[in-house]
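Reviewing the structure listed below.
The values are calculated or read from the model by the stated rules, or taken from the named source; none is laboratory data. Everything numeric in this text was worked out from a predicted model, so none of it was measured. Every residue, glycine as well, gets a Cβ built from its backbone with ideal geometry; the counts of neighbours run over all protein chains shown. Only protein heavy atoms, including side chains, enter the accessible area calculation; ligands, DNA and RNA are left aside. Shrake-Rupley method; radii C 1.70, N 1.55, O 1.52, S 1.80 Å.
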Amino acid sequence: MFDRQTYVQRRDGLGRRLEKGLVLLPGNGESPMNYADNAYAFRQDSTFLYYFGLDQPDLATIIDVEAGTATIFGNELDLDTIVWMGDLPTVAERAERVGVSETQPRSRLAGIVSAARSAGRPVHYLPPYRADSTLMLAELLDVSPGDVGTGASAELIRAVVDQRSYKSADEIAELEQAITISVEMHRAAGRMARPGVREQEIAAEVARIASASGGRLAYPIIGTINGQTLHNHVYPNTLSAGDLYLLDAGAETARGYAGDLTSTFPVSGSFDERQRTVYDILLRAYEASIATAAPGVPNLDVHMAAARAIFDGMKQLGIMKGNTEEALAAGAHALVFPHGIGHMMGLDVHDMENLGEQYVGYDGRPRSRQFGLKSLRLTRKLEPGFVITIEPGIYFIPQLIDDWRARGHNEQFIDFDELDRWRDFGGMRNEEDFLITTDGSRRLGPRKPQTIEELAQLRD
């Protein structure tokens with residue numbers, strides 16, 4: 001955890017953004033894998049970590065806005081628990097470390113919430129994303145589980161987003177640590193990505209590095225020779241000469257901050273002519289996005305800079321045709337670039353996505369329904385202190401190609417006969433993480449191997 005004053009200041013700042021009432025922030029409990037004592041690895045709720053910093057299950061907290069106080073609710077260890085788990089710090093001892101002096105048993109939480117509601121005081125809570133949290137809130141608020149989500153506080157959501165969007169110096173240092181570990185994960189994968197190596201071997205080594213750092217994976221590894229499948233979380237294949245191996249993987253630090261990087265490695269050690277041509281287009285799109293990212297610039301413009309470079313590159317290959325700006329407006333580029341350029345980063349790899357992208361990435365503005373553009377998680381103007389990913393990709397997805405061709409979709413901008421020559425190409429992506437500064441942007445962490453020369457040097 002950070003210094004105790006960090007959490008005090010964060011809670012005070014949240015209280016100043018709200019007019020009255022209680023802020024109810026439940027922490028996560030453990031999730032049984034197949035029975036209660038065999039649980040998945042525990043991960044605390046990110047907003048709970050942000051304001052209270054305690055990485056322990058079965059806690060809940062209340063911030064009283066008017067009184068300016070915070071209370072942590074949790075049960076002390078009994079003897080049976082100590083026998084199995086050891087003599088751990090008490091709830092009060094943990095609370096003191098994050099600047100909270102008031103603790104109470106979990107059994108008293110319901111009475112305090114009920115008393116506030118009876119007095120007409122609002123009880124602010126965030127939309128839950130886990131079934132156990134939903135059921136707990138339903139019981140505390142005396143509503144059906146189906147109504148819990150609709151009662152979440154938009155005022156609290158906006159206040160949390162306003163704080164968590166701007167990363168402090170301590171948070172940036174933590175993110176740089178996560179990214180540094182992530183770079184080593186990618187370097188290891190690049191060295192291993194050779195003919196005859198299995199995808200699962202590389203995934204195992206990548207996961208080992210994240211765990212050995214004292215943290216964990218920030219999200220399930222995407223490690224595949226089928227890069228045209230955007231979220232491929234299975235690893236059954238053996239690498240062969242001529243394959244492209246795509247790795248999308250990041251480490252999470254012990255404090256919960258995430259790295260998020262993607263690399264594309266030529267399994268043969270160097271790209272063939274077609275691969276090199278497409279990879280050059282990908283890097284041009286990447287550099288165009290970086291050059292665009294700056295305070296006051298909508299992230300939509302960053303996305304379109306990549307889309308423009310990719311469409312123009314496809315025109316050079318004879319795959320696409322026509323006026324670039326007209327094609328972008330029609331969404332023709334999305335046939336080979338069907339996702340957004342990136343997203344916010346922080347305690348979550350998709351930072352605060354559980355709070356609603358309309359608040360985090362759109363400032364309440366409506367989302368596009370256009371294929372490809374609808375997957376852009378962040379369109380709002382960038383501001384100093386934001387940490388974002390920049391991750392253009394180029395993919396040849398046979399099923400998508402066949403669908404567009406059958407419908408004649410954007411046929412005025414696409415030469416489908418030429419495109420068919422590329423349908424077995426696969427896909428590639430390049431991704432790094434950037435801090436928006438007062439005058440532009442800065443890459444966080446060390447540079448990962450990504451140029452054609454740097455990728456080749458991994459084999460030296």
Exercise. In segment 342-381, what trypsin sites (Lys or Arg not before Pro) fall in a loop by DSSP, with at most 10 other Cβ atoms inside 10 Å?
Worked result: Arg369
Problem set entry | Carbon + sulfur, % of accessible area of segment 389-439 - ligands and nucleic acids excluded, 1.4 Å | 42
Seminar exercise, completed: Per the 1/(1 + (r/R0)^6) rule, R0 = 22 Å and r from the Cβ atoms of Asp12 and Glu93, FRET efficiency to 0.05 is 0.50
Exercise. Can you give the helix-only mean residue ellipticity at 222 nm for the chain, where every DSSP H stretch with n ≥ 4 adds -39500 (n - 2.57) and the sum goes over all residues, rounded to the nearest 500 deg cm²/dmol?
Worked result: -11500 deg cm²/dmol
Exercise. Between Phe416 and Thr437, what is the label-to-label distance in nm when each label sits 7 Å out along the Cα-to-Cβ direction?
Worked result: 4.8
Exercise. How many angstrom separate the Cα center of segment 1-65 from the Cα center of segment 223-270?
Worked result: 32
Exercise. Which residues does a label at Thr238 reach in segment 259-295, if reach means a backbone N under 17 Å from a point 7 Å past the Cα toward the Cβ?
Worked result: 267-268
Problem set entry | For segment 172-228, radius of gyration divided by Kirkwood radius, i.e. Rg to Rh on alpha-carbons | 0.99
Seminar exercise, completed: The distance between the Cα centres of segment 389-451 and segment 97-162, in whole Å, is 42
Seminar exercise, completed: Rounded to the nearest 5, the percent of DSSP beta bridges in the chain running antiparallel is 90
Seminar exercise, completed: With the charge dipole of segment 317-460 built from beta-carbon charges (+1 for Lys and Arg, -1 for Asp and Glu) about the Cα centre, the Cα from His343, Gln457, Gly364 projecting farthest to the positive end belongs to Gly364
For this session: Give me the number: length gained by fully extending Ile82 to Ser107, i.e. 0.36 nm times residue separation minus the C-alpha to C-alpha distance, one decimal in nm.
Result: 6.9 nm
Seminar exercise, completed: Longest principal axis of the chain (C-alpha) makes with the long axis of helix 154-164 (C-alpha) an angle, in degrees to the nearest 10, of 70
For this session: For the chain, calculate the relative contact order in percent as a whole number, restricting contacts to Cα pairs under 8 Å that are 6 or more residues apart.
Result: 14
Seminar exercise, completed: Once normalised by the length of segment 215-355, the mean sequence separation of its alpha carbon contacts under 8 Å that are 6 or more apart gives a contact order in percent of 20
For this session: At a temperature of 37 °C and a viscosity of 0.692 mPa s, determine how fast segment 170-315 diffuses translationally according to Stokes-Einstein, using the Kirkwood radius over alpha-carbon pairs as Rh; express D in µm²/s, rounded to the nearest whole number.
Result: 200
Exercise. Based on the mean of other beta carbon atoms within 10 Å per residue, what is the order of 147-155, 21-29, 255-263, most packed first?
Worked result: 255-263, 21-29, 147-155
Exercise. Excluding same-chain residues fewer than 8 positions from Lys20, which lysines have a Cα within less than 28 Å of its Cα?
Worked result: Lys167
For this session: Evaluate E = 1/(1 + (r/R0)^6) for Asp58 and Ala291, where r is the Cβ-Cβ distance and R0 equals 45 Å; express this FRET efficiency to the nearest 0.05.
Result: 0.40
For this session: Would you please state the base-10 log of I(q)/I(0) at q = 0.06 1/Å for the chain, with intensities from the Debye formula using one equal scatterer on every alpha carbon?
Result: -0.30
Exercise. Roughly how tilted is helix 109-118, in degrees to the nearest 10 and between 0 and 90, from the longest Cα axis of the chain?
Worked result: 80
Seminar exercise, completed: With +1 at each Lys and Arg Cβ and -1 at each Asp and Glu Cβ, the charge dipole magnitude of the chain around its Cα centre, to the nearest 20 debye, comes out at 680
